[in-house]
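Engineer: Next up is a structure, given as structure tokens.
No lab work stands behind these numbers, since they all come straight from the coordinates. What you see is a predicted model, and the numbers here were worked out from it, not measured in a lab. FYI the Cβ positions are ideal-geometry reconstructions off the backbone, even for glycines, and counts take in every protein chain you see.
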Amino acid sequence: MKRTQLNNIGQAKRWRQLVPATLLTLSAGVLACGPDFPMQLTDDRAESFYQLPEPAFMTQLKALAEPLPAFPLSSQIFSDQYDYQQDRFLSATEQAEQKLLTASDATLVAQMRQQQSVAAALALGAPLTAELRLYTAGAVAFALKQDGNAETLFRQVLALPVAEQTQRRSWALYSLSRLLLSKNEPTATTEALALLQQLRSEVAAGLADPLQLAAASLGETARLVKLQNDWQQAIGLYATQAAYSESGRASLLQLSRELLALSDETLQPLLLQQPKVAQLLSGYLLSQYSGLVYADPEQISRLLQLISADPSLKLSNAMALAAVYYQQGDFSLTKTLLQQAADSPQRWWLSAKLAVRDNDLVAAAAFYAKAAQAFPTTPELPSAISAAENDSTEAITPHVQELQQQQLATQCRIQAEAGVLQLQRGDYLAAMRLLYQSGAEYWQDTAYIAERVLTSDELKQFVDQDVAPGLPKPASEWSYFGDTEPNTLLRQLLARKLLREQRFEEAPRYFVEPELKTLAAKYIQARQQSQSHWLSKLGQTFGVNFGHLQQAEATFEAAMLTREHGLELLGFEMAPDYQVFYGQFEFWQPEQPPVRQLPVPEAEQQRVQQSSALPDKRFHYRYLAAELASQSADLLPANSQAFAATLCHATTWLINRDPELAQGYYQRYLQQGPYVSWGADFGSSCPTPDFVSAADRLHSNTKQQLRIQLRQLKPWWPVLLLLPMLWWWRRTRR
């Protein structure tokens with residue numbers, strides 16, 4: 001270890017994590033059903049059921065941890081970081097000294113660390129407490145490679161009355177132990193180990209430890225016992241440390257690789273005599289399987305052979321071995337090992353997958369139910385954390401949060417697969433309930449069932465009974481393109497589904513966001529006003545355009561709302577509009593179907609067909625908007641500007657997506673519409689329809705049509721005049 005890397009405790013911790021952190025990036029775990037899980041399980045059901053996702057390495061460490069007293073965690077914990085604004089590295093030590101001391105003390109401590117002699121540092125720190133002054137001077141001595149002075153000063157700190165050691169006792173215990181270990185002498189090493197043990201005991205009893213030095217001491221102790229060939233204890237210590245810092249997890253990855261580098265003759269006795277070695281390698285094999293297949297496949301068969309050679313090892317690691325044999329396609333041996341494995345969610349999960357392969361969907365559903373029930377009501381934690389009586393959520397380390405997320409990820413994956421299985425069996429409401437409860441990670445599967453499989457009435461009943469009210473965002477944060485929690489997503493999916501079916505009385509209450517409620521109200525009002533009017537029918541009967549202009553204007557307003565806000569009001573969550581991606585992306589469909597297929601049941605296909613978009617084309621609401629604009633033109637005088645403008649908008653909305661259909665609207669304008677000054681830009685730049693002028697044009701057209709009709713009746717006027725006279729004459733005769 002280079003002395004220049006030990007200028008302070010923060011740098012020492014950074015050095016210990018330098019290599020392991022690099023290794024950690026090669027095996028980052030899956031977080032919250034993360035990117036290693038498929039985006040949509042229903043898309044390739046065979047792959048979803050048959051595949052066994054690799055667990056994160058972090059989840060394999062839980063059983064390895066030593067049963068040590070837990071270290072109470074505090075929100076005031078510091079770690080090394082980089083200050084990008086100042087463009088410099090900030091050690092945990094520097095942060096703690098600046099934030100946990102008064103401004104004057106922090107300034108003095110910083111100035112002491114810059115001194116070039118211990119005497120100068122001690123003189124400058126005279127106003128400080130004895131603890132701060134002696135410890136900081138010891139750090140200066142250490143930086144100046146004056147180990148003797150540093151050791152003396154650290155011992156002086158620890159010799160102070162306990163009541164005076166309120167800020168630097170944990171630092172002094174750790175720093176002194178590091179100095180003693182650097183001597184590489186048996187007596188000094190023994191004392192150092194005792195100091196590290198004392199540090200852990202005192203921190204567990206409540207000693208302040210803002211730098212998490214007690215956790216770091218686990219790694220120091222593990223390194224020493226590993227050098228003595230005590231892999232068992234080293235693994236346990238590193239596993240406990242993993243609950244507090246990345247260093248423990250990264251160290252175990254490094255230990256796994258060191259063990260794999262041993263010869264069979266050396267490794268086999270370790271497997272038999274130190275059980276945690278076999279546990280570690282089993283977990284490593286299971287969580288790193290895909291990487292080993294690619295980089296070192298021989299290690300897989302080697303480990304399987306070594307662990308399976310002894311019946312007791314095989315039995316104690318049956319679950320991990322079963323999962324690996326399943327990955328290799330040896331389902332017979334997988335079943336045998338599962339019979340020997342202890343009850344766990346993973347055992348029932350794998351049993352469910354085997355049942356699906358055997359086409360025994362009833363048994364698979366039962367196994368999935370057992371897997372879900374086998375999870376604890378709250379995520380399990382390593383003993384070092386679960387023993388701590390600390391209810392502060394801020395006190396949970398990022399590594400424990402990661403472990404919780406990974407456990408929940410597995411749980412929600414199992415529940416989601418169970419939902420897809422119920423979908424395959426035709427129990428659509430049960431499938432909906434399971435997928436919805438599995439969380440936002442499988443929202444696309446939930447949306448598929450809600451939107452395409454369930455009827456509107458079935459979905460409405462489910463939402464009313466099982467879905468909590470949505471939570472609208474504050475007006476200052478609201479936008480169409482923001483992450484939304486599942487309750488709101490599902491309610492607004494139902495609202496759009498009802499609007500597409502023109503169930504205007506029911507739809508509005510399922511919109512959660514106030515802005516969408518307002519838009520929906522405008523859309524519904526426009527659609528209701530655009531319904532066919534009796535005056536239009538009368539005009540069609542007599543061949544005269546008595547088009548109701550208010551109806552035409554409302555129809556065009558509905559068209560504009562459909563085009564501008566159709567994704568939010570009418571869009572499909574999935575195909576063909578992909579509101580889930582805000583309409584910006586769509587799924588790529590492979591030309592060749594998957595090799596392993598699980599056919600979609602016919603009943604489900606029929607429901608999907610009945611719920612398809614009309615038309616079933618990308619951005620289907622644009623087609624609806626164009627059709628509404630065309631219907632508005634139907635109600636307008638063909639020689640009016642409004643007639644041309646509405647058809648222009650219909651053309652514009654489709655010209656880049658469906659040129660052939662857009663050409664039809666343009667041709668209609670050419671055949672029926674008037675000359676307009678902007679005709680050269682038709683389909684690219686459209687003015688607002690002038691409905692006021694259209695009313696004048698309609699009045700003029702009506703008078704002109706009446707004149708024409710009267711001219712056609714002119715030869716019959718004498719007859720029409722004689723008819724009343726004839727009627728009067730006959731009445732008089734009687």
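Engineer: Can you bin the stretch 319-370 into rounded, prolate or oblate? Criterion: square roots of the alpha carbon gyration tensor eigenvalues sorted a ≥ b ≥ c, rounded for a/c under 1.5, prolate for a/b above b/c, oblate for the rest.
Structural biologist: Here the stretch 319-370 falls in the oblate category.
Engineer: Something else: When ranked by the protection proxy of mean other Cβ atoms within 10 Å per residue, highest first, what sequence do the peptides 249-255, 660-666, 225-231 form?
Structural biologist: Ranking, from highest mean packing down: 249-255, 660-666, 225-231.
Engineer: Counting Lys +1, Arg +1, Asp -1, Glu -1, what net charge surrounds A418 among other residues with beta carbon under 14 Å of its beta carbon?
Structural biologist: +3
Engineer: List the aspartates and glutamates whose Cα lies under 14 Å from the Cα of K460, skipping any in the same chain that are fewer than 8 positions away.
Structural biologist: Of all the aspartates and glutamates, those that pass the test against K460 - Cα under 14 Å, at least 8 places apart if same chain - are E451, E501, E505, E506.
Engineer: Once both labels are modelled 7 Å past Cα along the beta-carbon direction, what's the E506-K522 spacing in nm?
Structural biologist: So the two model labels end up 2.6 nm from each other.
Engineer: Please compute the length gained on full extension between T187 and E485, using 0.36 nm multiplied by the number of residues separating them and subtracting their Cα-Cα distance.
Structural biologist: So the chain would gain 101.3 nm between T187 and E485.
Engineer: Something else about it: Can you tell me the FRET efficiency between A106 and D466 if r is taken as the Cβ-Cβ distance and R0 is 56 Å, rounded to the nearest 0.05?
Structural biologist: Computed FRET efficiency for A106 and D466: 0.55.
Engineer: A follow-up question, please. Between L227 and R302, what is the FRET efficiency for a Förster distance of 30 Å, r being their Cβ-Cβ separation, to the nearest 0.05?
Structural biologist: About 0.75, to the nearest 0.05.
Engineer: Something else about it: Let me make sure I get this right: for the stretch 50-102, a, b and c are the square roots of the gyration tensor eigenvalues over alpha carbons, sorted descending. Under 1.5 in a/c it's rounded, otherwise prolate if a/b > b/c, else oblate. Which is it?
Structural biologist: Note, shape of the stretch 50-102 comes out oblate.
Engineer: Which length gain, in nm to one decimal place, applies between E660 and R257 when the Cα-Cα distance is subtracted from 0.36 nm times their residue separation?
Structural biologist: Length difference between fully extended and current span is 138.8 nm.
Engineer: On full extension of the chain, what length is gained from K335 through E602, given 0.36 nm per residue of separation minus the C-alpha to C-alpha distance?
Structural biologist: 92.9 nm
Engineer: Please list, or write none, the aspartates and glutamates whose alpha carbon is within less than 16 Å of the alpha carbon of K226, excluding same-chain residues fewer than 8 places away.
Structural biologist: List returned: E66, E258.
Engineer: Could I ask something else about it? Among C412, C648, what is the fewest-to-most ranking by other Cβ atoms within 10 Å?
Structural biologist: By the 10 Å Cβ count, ascending, the order reads C412, C648.
Engineer: Would you mind classifying the stretch 97-225 by shape? Square roots of the alpha carbon gyration tensor eigenvalues, ordered a ≥ b ≥ c; an a/c under 1.5 is rounded, otherwise it is prolate if a/b is larger than b/c and oblate if not.
Structural biologist: Since a/c reaches 1.5 but b/c is at least a/b, the shape of the stretch 97-225 is classed as oblate.
Engineer: Between S290 and D43, what is the FRET efficiency for a Förster distance of 25 Å, r being their Cβ-Cβ separation, to the nearest 0.05?
Structural biologist: 0.75
Engineer: Highest first, please rank the peptides 258-269, 453-464 by the mean number of other Cβ atoms sitting within 10 Å of their residues.
Structural biologist: 453-464, 258-269
Engineer: Which stretch or stretches of the stretch 293-311 have amide N atoms under 16 Å from the point lying 7 Å from L272's Cα along the Cα→Cβ direction?
Structural biologist: Residues 305-311 fall inside that zone.
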